[in-house]
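First up is the structure itself, then whatever we jot down about it.
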Amino acid sequence: MNWPDAKLNEIGSRDDLAAYLQDLAKAVSDGRIALENPSTADFVDASARWTKAMDGFFKNVMKEPVPDSPSWAMIAAIFRAAVSYE
């Protein structure tokens with residue numbers, strides 16, 4: 001799978017996901033990535049909404065159907081989208 005965020009393409013394990021999420025949190029904290037969902041509730045809600053609507057993302061951006069089983073990279077993509085997907 002070729003994700004729009006190139007860093008997602010490097011995630012293949014749980015440890016990779018943990019490192020990506022730590023880097024994502026630091027990027028948000030440093031202001032390098034805009035935080036569109038400032039409260040925890042908003043962030044969780046955005047994650048849920050993106051997950052429910054990911055069929056459109058996969059069809060229009062990824063040009064393939066949503067995989068039946070999520071990968072570590074897909075979990076990271078859900079978090080990334082809830083922050084701000086560019």
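Structure notes:
- For the criterion of being assigned to a helix (DSSP H, G or I), open to solvent by less than 40 Å² (accessible area, probe 1.4 Å) and hydroxyl-bearing (Ser, Thr, Tyr), Ser47 passes.
- Meets criteria (within 15 Å of Asp5 (Cβ to Cβ), assigned to a helix (DSSP H, G or I) and in contact with a Leu (Cβ under 8 Å, 6 or more places away or on another chain)) for Phe58: no
- Listed conditions (1) closer than 13 Å to Ile78 by Cα; (2) modelled with pLDDT under 90; (3) among the hydroxyl-bearing types (Ser, Thr, Tyr) are all met by Ser47, apart from (2).
- Residues satisfying the stated conditions in the range 50-86, i.e. closer than 23 Å to Arg14 by Cβ and either open to solvent by 50 Å² or more (accessible area, probe 1.4 Å) or of a type in the set (S, T, N, Q) (or both): Thr51, Asp68, Ser69, Pro70, Ser71, Trp72, Ile75, Phe79, Tyr85
- Count of residues meeting criterion [more than 16 Å from Ala82 (Cα to Cα), of a type in the set (S, T, N, Q), open to solvent by less than 100 Å² (accessible area, probe 1.4 Å) and not in a helix (DSSP H, G or I)] in the range 1-44: 1
The values are calculated or read from the model by the stated rules, or taken from the named source; none is laboratory data. These figures come from a predicted structure and were not determined experimentally. Quick reminder, even Gly has a Cβ in these numbers, built from the backbone with ideal geometry, and neighbours come from all protein chains shown. Remember, those area values only see protein heavy atoms, side chains included, never the ligands or the DNA or RNA. Shrake-Rupley method; radii C 1.70, N 1.55, O 1.52, S 1.80 Å.
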